[in-house]
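Structure first, commentary second.
Each value in this text was obtained by applying a stated rule to the coordinates, not by laboratory testing. Predicted model only: the values in this text are computed from it and were never measured. All Cβ positions, even for glycine, are placed from backbone atoms using ideal geometry, and neighbour counts span all protein chains on display.
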């Protein structure tokens, strides 16, 4: 699987040239058909300078039990979703679900009711660029710069709590929120959870219009649905309509098996973290992903709101979802000869690209460049295999990790720590 990090996590990737620099020549557009491929991270990224781009790898992030940053995007033979982007009523900081009405609303009525609950989000991310070889100790060229990304969010309290997708704000050095009345606020990231791709933000405001939470378990396939978000990262408050295509579609999203709402409402880059509303104007999902491919239309996905409400209070209290085991590594899949050549390795498999400082893996002696052979005696060949094995454990459990290092097999015992992202 080839993954790229865009932070919209990946639908539009444009370079901004520094003043006085010569823009690169535009290459002819080459279209390829792609069936059954999904993209997440619908925030639109723009770069001011050279951004981190890695092709031919799958990087698993820390919040799912692995440290390090997440590389987003997906190309390959298997269907995959890359991160991107998508009630309840409150007049205080309460996040108690409330159902507002049983009256079926028109799209225009839903737009009027819910557009004020949607915000546009822009982020600044300090990034660095390096060659493949540097991951495993080879020579490399590197540079750093600042990238920008855009997404959406949903107001959940009148005093400024906002939910969005984790990938929209992941690794951001600055987060800015613009409300529907064009007021701009600096936002604080209160808590994040990369496993569910949810983040909780807070702005210093009052008198905001919070969304009314519905019950996503009561959705019916075929009922009307409306998505509202910052389409293309520039068209704030864009409203699209469709239906609920499936109430429980299970797909793989960044190595996680997630059960999502599928909708035919048009989802574009920048919609990440925006709202999906039912026919009563109630928030029933957070837009997270869309299908990709020249022959695919009207296939978007949203995180069921019932899954979100269960973690909001935990994020508010702790900043992360407690009790999840962490190995403390970032992983790269080397699945073909070309990728192996790019990384300077001889075998296919799952490699450790980074070991988080003071993590369980660091304490056990695992190193960047190690190829993981097995976890507790079970062979693994992908980052998803490793992640699945770790997620079955508990914080404090000891697992035996067998790795190949310098043509020798090494087995270490790792006492799992707690994931904090």
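Provide the gained length on full extension for the span residue 318 to residue 420, in nm with one decimal, where the gain is 0.36 nm per separating residue minus the Cα-Cα distance.
Stretched fully, the residue 318-residue 420 segment lengthens by 35.8 nm.
How would you rank 223, 354, going from fewest to most other Cβ atoms within 10 Å of each one's own Cβ?
With the sparsest Cβ surroundings first, the list reads 223, 354.
In percent, how large is the relative contact order of the stretch 325-418, given Cα pairs closer than 8 Å and 6 or more residues apart?
31 percent
Per 0.36 nm of contour for each residue apart, how much would the distance between residue 348 and residue 173 grow if the chain were fully extended, relative to their Cα-Cα spacing?
The residue 348-residue 173 span can extend by a further 59.5 nm.
Between residue 388 and residue 243, what is the label-point separation in nm under the 7 Å Cα-to-beta-carbon projection?
3.3 nm
For an R0 of 51 angstrom, estimate the FRET efficiency from the Cβ-Cβ distance between residue 235 and residue 395 and round to the nearest 0.05.
Numbers: r = 43 Å, r/R0 = 0.85.
Here the calculated transfer efficiency is 0.75.
Can you put 213, 301 in order, fewest other beta carbons within 10 Å first?
213, 301
Using Cβ counts within 10 Å as a stand-in for footprinting exposure, how do 403, 350 rank, fewest first?
403, 350
Using a Förster radius of 25 Å, what is the FRET efficiency between residue 106 and residue 259 based on their Cβ-Cβ separation? Nearest 0.05, please.
Here the calculated transfer efficiency is 0.25.
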